[in-house]
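The values are calculated or read from the model by the stated rules, or taken from the named source; none is laboratory data. All values derive from a computational prediction rather than experimental measurement. Heads up, the Cβs are rebuilt from the backbone with ideal geometry, glycines too, and the neighbour counts pull from every protein chain shown.
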Amino acid sequence: MSIPRTSSNNLTVLDYPLNIGNQVANGEHYMMIDSFESLNAISTGSTKKSSIALYIPPNALKTGFTANYEGIAGAAEKANIGTAFQTAGLGEAAIQGLIGAINTGTKIGANIADKTGFLSAGAGLAVNNHIALVYRGPGEFRTHDFTFDFWPKSPAEASRVETIIKDFQNGMLPRMAGKTVSSRRLSEPFFKSPRHYKITFYSGGSKNTKIFEIRTSVINNMSVNYDPEGIVSFHEDG
């Protein structure tokens, strides 16, 4: 893994640092970033475009989960009615229709009675609009931020870093869904979706199953700083 390779199916294999292969043989932890040609929003093709082995940067092993809940008035009433219908063996569509009709009738009757003071004055009751949290599904997609510091000590390492950056750039940007144009004008009516990525953490030569797993991902933001320390420095070849 010391030099970039291109196989017969145009798979690009890259790594940084250049001696990561020797480190892996000694049990070093690293991450593998594989990119694939995407078919559509939910399907990843089988065509792998690149495999990039990189060291695990600091503060990279963080993940989080969110869930969407919504406050619903009269949730206790709805829950009791729904449970009764389920016990009776009604289908989901029938349950939803009946709950809607009953809730509408119940609310109208309760509102009329409450406005006339019948419930509060005559019976000593008030409409209970008990609010409860109702689960609406998972939250937003998880995001993972990786900040890699590249300090090439030789032209060979500088060339490797340049190739890695260009591969990420090519992978996150779309392709034109038509004929290739000689200029850089956006002359086609559609874009093809950028690549999908699969990120895997390894311990030596084996997948590390002790930490979280990252599902198929996309790159939605990338920035490169060629002057992180405020000192401009170049090799002889630029």
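Things to note:
- Scanning the stretch 210-231 for residues that are under 20 Å from residue 51 (Cβ atoms), of a type outside the set (A, V, I, L, M) and assigned to a loop (DSSP other than H, G, I, E, B) yields a count of 3.
- Among residues of the stretch 217-238 that are surrounded by 10 or more Cβ atoms within 10 Å (Cβ to Cβ), those with a Cβ under 7 angstrom from a residue that is of a type in the set (Phe, Trp, Tyr), sequence gap 6+ or separate chain, pair up as 217/197; 218/197; 219/168; 219/197; 222/168.
- The set of residues from the stretch 13-67 being under 30 Å from residue 192 (Cα atoms), among the aliphatic types (A, V, I, L, M), surrounded by 13 or more Cβ atoms within 10 Å (Cβ to Cβ) and at pLDDT below 90 comprises just one member, 39.
- Test: residue in the stretch 173-183 that is closer than 28 Å to residue 63 by Cβ, surrounded by 15 or more Cβ atoms within 10 Å (Cβ to Cβ) and modelled with pLDDT of 90 or more: no
- Cross-chain or 6+ apart pairs with Cβ under 6 Å, the stretch 148-177 first and touching a residue at least 40 places away in the same chain (Cβ under 8 Å), then surrounded by 15 or more Cβ atoms within 10 Å (Cβ to Cβ) and charged (D, E, K, R): 171/195
- Criterion applied to 168, 141, 150 was being closer than 26 Å to residue 20 by Cβ and part of a loop (DSSP other than H, G, I, E, B), and the one residue passing it is 150.
- Residue among 231, 199, 164 that is in the same structural domain as residue 27 (by TED's automatic domain parsing), more than 21 Å from the chain's Cα centre (by Cα) and of a type in the set (Val, Ile, Thr): 164
- Checking each residue of the stretch 190-200 against the condition of being farther than 25 Å from residue 20 by Cβ, surrounded by 11 or more Cβ atoms within 10 Å (Cβ to Cβ) and either modelled with pLDDT under 80 or of a type in the set (Phe, Trp, Tyr) (or both) gives at least one match.
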